[in-house]
Amino acid sequence: AQKVTQAQTEISVVEKEDVTLDCVYETRDTTYYLFWYKQPPSGELVFLIRRNSFDEQNEISGRYSWNFQKSTSSFNFTITASQVVDSAVYFCALSDPNRDDKIIFGKGTRLHILP
Amino acid sequence: DTEVTQTPKHLVMGMTNKKSLKCEQHMGHRAMYWYKQKAKKPPELMFVYSYEKLSINESVPSRFSPECPNSSLLNLHLHALQPEDSALYLCASSPTGRAGREQYFGPGTRLTVT
């Protein structure tokens with residue numbers, strides 16, 4: 001069965017610190033897609049990144065970086081030099097191989113950046 | 001322009017009311033979705049319209065009824081809701097309904113059923 005685990009329910013860090021959000025997934029498929037979404041207090045989910053199972057290159061986008069490791073079934077997300085605006089709930093997600101149109105969300109990690 | 005709009009932002013309705021939530025996207029996406037999200041939980045998929053074909057999450061009660069007038073619009077008709085239906089309702093769209101495509105979400109409608 002497909003599953004996404006975000007073990008960190010809530011994290012608080014002081015502004016400018018680096019923080020890593022963990023994501024571990026389970027799937028029997030060889031082809032799959034992983035995602036990260038951000039949900040600020042306003043409620044809208046914001047797409048951050050998509051990664052397919054054949055591309056293990058790490059990705060960096062500004063202060064955001066992602067570490068995809070198939071050997072440990074992990075897709076971790078790091079925010080460097082965190083800012084108060086990074087405070088949000090972050091969801092890791094996995095494509096459902098049985099339904100093209102469905103993604104499986106983890107339970108989310110609530111991130112508080114303290115000024 | 002990756003924008004999905006939803007109206008209204010907030011809705012309070014009684015259990016005997018009939019109301020509708022509206023969603024619109026102008027990105028030419030061919031798949032649109034309704035999700036329900038309870039507090040401190042991830043979104044749960046309710047319905048998908050992909051290339052004008054409806055897919056239903058079978059656990060969704062019949063008091064929720066989706067409608068897709070065209071590929072840019074998606075409505076969710078609500079009738080005889082229960083207090084436990086109070087939640088954030090999110091609309092999303094995707095370029096296609098195929099596996100691996102990202103979804104773009106609207107700001108949501110916060111629904112309270114009294």
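Every number here is computed from the coordinates shown, using simple stated rules; none is lab data. If you're wondering where the values come from, they're calculated on a predicted model, not measured in any experiment. Neighbour counts are summed over all protein chains in view; Cβ atoms, including those assigned to glycine, are modelled from backbone coordinates with ideal geometry.
The table below gives the values:
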| item | result |
| --- | --- |
| Sorted by Cβ neighbour density within 10 Å, fewest at the top, the residues A:VAL84, A:VAL13 | A:VAL84, A:VAL13 |
| When each of A:LYS70/B:LYS41; A:LYS16/B:LYS9; A:LYS3/B:LYS9; B:LYS18/B:LYS41 is checked by Cα-Cα distance, pairs over 29 Å | A:LYS16/B:LYS9; A:LYS3/B:LYS9 |
| GNM result for chain A, Cα springs below 10 Å: residue of A:ASP86, A:ASP18, A:ASP101 fluctuating most strongly | A:ASP101 |
| Selected from B:VAL113, B:SER93, A:PHE75, residue furthest toward positive end of dipole (the protein assembly as shown; charges at beta carbon) | B:VAL113 |
| Candidates A:SER82, A:SER53, A:SER74, ranked by Gaussian network fluctuation over chain A, Cα under 10 Å, top entry | A:SER53 |
| The protein assembly as shown - Cys residues lacking any other Cys C-beta under 4.7 Å | B:CYS68 |
| Sparse-neighbourhood loop sites, GluC sites (Glu not before Pro) in the range A:34-115 - DSSP loop, at most 15 other Cβ within 10 angstrom | A:GLU56 |
| Choice from A:THR20, A:THR78, A:THR30 showing the highest fluctuation, given a GNM over chain A with Cα pairs closer than 10 Å | A:THR30 |
